[in-house]
Amino acid sequence: MQKHCLAALLVGVLVAWSRPGGTAEDVVKLVANGRAVKSDPAPMLKDGHVYVPLRAAAQAVGGSVSYEPELKQVQICRGPICTFVAQSDGLTMDGRLFVGIRRLGQALQCKVDWDNATKTVIITSAPPGLE
């Protein structure tokens, strides 16, 4: 099974923010494989980057997510691709780990596009094994 260490990719990409300080312009829509993804809290735009709840984004492209409490890390797998995110490397908000969507997409071999007019991030995955 091929494994990637997403923690190294995320260093310097994750930033903390507070929902009360956010504006309507900060709220982002997420579309995965042609379907709108609803998550609570919603994805957000901060300093030009889109941050999403890790579980919602990974599951939206067919990934599975598990938490390894003894290692304090999250494992995301999609087909033969597995990625690890250390809890300390991410941003936890409302009990959820947030990550930069482009880095997550790259780690899971998904295409990520941005529609600035509608503030929509579009993530598209090929069926596992066809990447």
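The values are calculated or read from the model by the stated rules, or taken from the named source; none is laboratory data. Keep in mind that what you see is a predicted model, and the values were worked out from it rather than measured. Neighbour counts are summed over all protein chains in view; Cβ atoms, including those assigned to glycine, are modelled from backbone coordinates with ideal geometry.
Overview of results
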item: Cross-chain or 6+ apart pairs with Cβ under 9 Å, segment 113-131 first and at positive phi and modelled with pLDDT under 95, then surrounded by 12 or more Cβ atoms within 10 Å (Cβ to Cβ) and charged (D, E, K, R); result: 119/26; 119/29
item: When residues of segment 87-102 are limited to those that are closer than 14 Å to residue 74 by Cβ and modelled with pLDDT of 80 or more, the one surrounded by the fewest Cβ atoms within 10 Å (Cβ to Cβ); result: 95
item: Pick from segment 51-69, criterion of a type in the set (A, V, I, L, M) and in contact with a Lys or Arg (Cβ under 9 Å, 6 or more places away or on another chain), ranking: farthest from residue 114 (Cα to Cα); result: 65
item: Segment 19-39, subset at pLDDT below 90 and either out of contact with any strand residue (DSSP E or B) (no Cβ under 8 Å at 6 or more places or on another chain) or basic (Lys, Arg) (or both), residue surrounded by the most Cβ atoms within 10 Å (Cβ to Cβ); result: 19
item: Yes/no for residue 54 being touching an Asp or Glu at 6+ places or on another chain (Cβ under 9 Å), under 15 Å from residue 29 (Cα atoms), surrounded by 17 or more Cβ atoms within 10 Å (Cβ to Cβ) and not small (Gly, Ala, Ser); result: no
